[in-house]
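The values are calculated or read from the model by the stated rules, or taken from the named source; none is laboratory data. Keep in mind the model is a prediction, meaning the values are calculated, not measured. Here the Cβ positions follow ideal geometry from the backbone for every residue, glycine too, while neighbour counts run over all protein chains shown.
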């Protein structure tokens, strides 16, 4: 796994690092962290991080624009945290001389010539730390900060680490970064979880207006009018999905946010048991078994997905009852 990456880093002088649309801290952290590591350990390389900017995570720093006459046919593409072609932001993989994907999502489709996928890892940032750890390569403090932020965010402060074995590995990696670079995790947590007052007010609105179905699907539709009323963006609304993890009686919960500018409706979906990613794939999305997303164009599709998730919860509850009765 390591050989496939480092052989390419040594071979190519021009490297482009891309990730998925609508980036989260794991996508941005792995992107910026990997650039920092390459710049430190391969200082003769040209490295560009690309994709649409996001105001919400501006503390990750500025992204790059490729030079006007940049020749992709002589460059290496590294695609991060992206399981399928339709979610790649800002690049066409076919234009590059070579390409490699580093990802922790379950395999959906071939996007690059080489895949480095570990779906047991909690985040793409975790994989990058593992790739560079224990070699002759140097970690900078800045790289460690980026990668730590991605690991914290994608595990929701280490609540979801993907099993005991990976929990041990993950905490060992975090300890390694702290010992090696002396990163200040208190400052990093402040950056990651600081919210403006408008988002807090929206969170209160969501709490008061959440709908819960008979079988345990909690959801709320955040329209463009609501987004304007609270003066937030649609991405902020969707990212609040992790604020509602511990509501008794809910198995699956969804933040549904309208984006008229792009002509779509985003659905951020989380689960406490039922497997949701396969269903999300039917709605222009995908993800992990218990954390996924979808993008649709109509209210009818939204209602249909809610109904299917409700049926999924019903099946999950019935299977659970059956198992108890068998005991």
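Taken over the range 103-113, the criterion of being in contact with a helix residue (DSSP H, G or I) (Cβ under 8 Å, 6 or more places away or on another chain) and crowded, with 17+ Cβ neighbours inside 10 Å is satisfied by 103, 104, 108, 111, 112. Considering every residue within the range 93-102, establish whether at least one is surrounded by fewer than 20 Cβ atoms within 10 Å (Cβ to Cβ), out of contact with any helix residue (DSSP H, G or I) (no Cβ under 7 Å at 6 or more places or on another chain) and under 15 Å from residue 286 (Cβ atoms). No: zero hits. Checked against (1) under 16 Å from residue 91 (Cβ atoms); (2) out of contact with any strand residue (DSSP E or B) (no Cβ under 9 Å at 6 or more places or on another chain); (3) in contact (Cβ under 8 Å) with a residue 60 or more places away in the chain, residue 21 passes all but a single condition, namely (2). I'd like to check something: does the range 38-50 contain any residue that is at pLDDT 95 or above, within 30 Å of residue 296 (Cα to Cα), surrounded by 15 or more Cβ atoms within 10 Å (Cβ to Cβ) and under 15 Å from the mean Cα position of the chain (by Cα)? No: zero hits.
Taking the condition of being part of a helix (DSSP H, G or I) and surrounded by fewer than 19 Cβ atoms within 10 Å (Cβ to Cβ), how many residues in the range 9-22 meet it? Can you show your working first?
Within the range 9-22, the first condition is being part of a helix (DSSP H, G or I), and the residues that meet it are 9-11.
Restricting the remaining residues to those that are surrounded by fewer than 19 Cβ atoms within 10 Å (Cβ to Cβ) gives 10-11.
Result for the range 9-22: 2.
Output the residues belonging to the range 214-234 that are in contact with a strand residue (DSSP E or B) (Cβ under 8 Å, 6 or more places away or on another chain) and closer than 24 Å to residue 276 by Cβ. Listed by number, the residues that qualify are 216, 217, 218, 219, 220, 221, 222, 223, 234. On inspection, residue 34 fails the criterion of being within 14 Å of the chain's Cα centre (by Cα), buried (at least 22 other Cβ atoms within 10 Å of the Cβ) and under 24 Å from residue 177 (Cα atoms). Of 156, 231, all but one fail to be at pLDDT below 95 and outside the structural domain of residue 287 (by TED's automatic domain parsing); the exception is 156.
On the given criteria, is residue 148 within 25 Å of residue 105 (Cβ to Cβ) and surrounded by fewer than 18 Cβ atoms within 10 Å (Cβ to Cβ)? No; evaluated as a whole, the condition is false for this residue. Within the range 208-230, is even one residue within 27 Å of residue 55 (Cα to Cα) and under 17 Å from the mean Cα position of the chain (by Cα)? No, the range 208-230 contains no residue that is within 27 Å of residue 55 (Cα to Cα) and under 17 Å from the mean Cα position of the chain (by Cα).
Can you confirm whether residue 305 is within 28 Å of residue 104 (Cα to Cα), in the same structural domain as residue 233 (by TED's automatic domain parsing) and modelled with pLDDT of 90 or more? Outline the logic, then answer.
Working: within 28 Å of residue 104 (Cα to Cα): yes; in the same structural domain as residue 233 (by TED's automatic domain parsing): yes; modelled with pLDDT of 90 or more: yes.
Yes.
Looking at 53, 67, 83, just one residue is surrounded by fewer than 16 Cβ atoms within 10 Å (Cβ to Cβ), in a loop (DSSP other than H, G, I, E, B), within 16 Å of the chain's Cα centre (by Cα) and not assigned by TED's automatic domain parsing to the domain that holds residue 232, and that residue is 53.
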